[in-house]
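Written below as structure tokens is the structure these notes are about.
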Amino acid sequence: MAKYVPDVKTQRWVVIAPKRKSRPGDDKSVCPFCVGNEALTPPEVYRIGSGEKDKPGWIVRVVPNLFPITDIHEVIIHSPDDTRDIEKLSLDQVTKILTTYRDRYRAHENDGQVLIFCNHGFHAGASLKHPHSQLVVVPKQINLDALSREPVANIVEESETFSVFCPEFSQWPYETWIVPRDGGTRFGDTADSDLPKLAHMLQYTLQRIERVFLKSPVTVSDRTTQFVYNYYIFPGEKWYLRIIPRFIHRAGFELGTGLNVNIVDPVDAAEDLQKIEAIPVGK
């Protein structure tokens with residue numbers, strides 16, 4: 001079982017998860033997430049697609065994490081394609097991924113606080129290249145960081161349903177949020193009809209940030225040409241999807257003070273992203 005230890009002064013928590021040190025790296029010759037290797041993962045708990053459980057035919061697949069952080073920890077494998085992620089998949093596939101997020105959120109919402117997140121790239125914390133997200137359930141008594149969605153400023157794009165913006169309090173260069181315009185409740189309440197719209201916003205936003213990332217002079221000097229980012233969906237009321245591109249590393253000042261240094265004004269970040277046309281990748 002996961003062990004939770006609080007700091008007595010700040011009441012911030014640490015999860016002691018020794019199993020994480022056994023995570024595989026990408027030096028493995030066989031990817032456990034690829035089609036045909038279903039036997040290398042724990043038995044699946046959810047799939048979109050056809051075929052038998054733990055056999056080929058899936059389009060999105062969910063399995064328990066072999067190296068869990070919390071007692072409930074799942075891996076959401078984005079697609080059989082191990083080379084393309086959200087920004088390059090079809091909108092239909094991205095919609096299926098978000099449908100899986102919503103369905104798995106609903107499956108666990110009575111178990112605790114359901115956090116869904118994606119680490120894309122080694123510098124963002126991914127241990128395997130095959131694109132995937134993760135779901136963890138944190139006990140309800142554990143205090144999670146909850147940032148306010150207001151004010152919604154520095155708009156990049158808006159639809160009738162969602163707003164994309166760079167918050168005034170952005171902690172990272174080109175940090176971008178997607179929020180429901182009606183205020184929303186919990187992510188698990190998202191309607192089927194809104195998931196394709198969210199897929200559009202997520203994909204186009206990542207495409208825009210990627211084009212800035214790959215040519216930006218502020219990007220970490222030791223990066224490869226891979227676009228590196230994290231995103232997560234806040235598990236509580238008034239949900240938001242927060243995208244954190246990894247342009248920079250955190251260093252001694254941030255670690256020692258708890259203060260964040262953002263070297264790109266969010267106003268400028270939003271203006272830069274507005275100028276970029278997203279690239280349709282098909283349905």
Check: Fewest to most neighbouring Cβ within 10 Å: what's the order for CYS166, CYS34, CYS118?
Finding: CYS34, CYS118, CYS166
Notebook entry, point to check: Under a straight-distance cross-link criterion of Cα-Cα below 20 Å, which aspartates and glutamates are reachable from LYS140, leaving out those fewer than 8 residues away in the same chain?
Noted result: ASP7, ASP71, GLU74, ASP103, GLU109, ASP111, ASP189, GLU237
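Which value does Rg/Rh take for segment 27-183 over its C-alpha atoms, Rh per Kirkwood?
So for segment 27-183, dividing Rg by the Kirkwood Rh gives 0.98.
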Checklist line | Under-5 Å amide H pairs with GLN113, H placed in peptide plane, nonlocal only | finding: VAL138, LYS140
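Within 15 Å, Cβ to Cβ, of THR176, how many net charges do the neighbouring residues add up to if Lys/Arg are +1 and Asp/Glu are -1?
-4
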Notebook entry, point to check: Taking N as the number of residues in the chain, what is its alpha-carbon radius of gyration divided by 2.2 N^0.38 Å?
Noted result: 0.99
Margin query: Give me the one-decimal nm value for the distance between modelled label points at LEU255 and VAL152, 7 Å along each residue's Cα-to-Cβ direction.
Written below: 3.8 nm
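Figure the gain on full extension for TYR4 and CYS34 (residue separation times 0.36 nm, minus the Cα-Cα span) and round it to one decimal in nm. Write down the numbers at each step before the final one.
Values: separation 30, 0.36 × 30 = 10.80 nm, distance 3.34 nm.
Gain on extension, TYR4 to CYS34, equals 7.5 nm.
Explain nothing, just the number: dipole magnitude of segment 3-274 about its Cα centre with +1 on each Lys and Arg Cβ and -1 on each Asp and Glu Cβ, in debye rounded to the nearest 20.
It comes to approximately 860 debye.
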Margin query: Please enumerate, by chain and number, the lysines with C-alpha under 23 Å from the C-alpha of LYS197, excluding those fewer than 8 residues away in the same chain.
Written below: LYS88, LYS96, LYS238, LYS275, LYS283
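Values quoted throughout were computed directly from the atomic coordinates according to the rules given, and no laboratory measurement underlies them. From a predicted model like this one, the values you see are computed outputs, not experimental measurements. We place every Cβ from the backbone using ideal geometry, glycine too, and count neighbours over all the protein chains shown.
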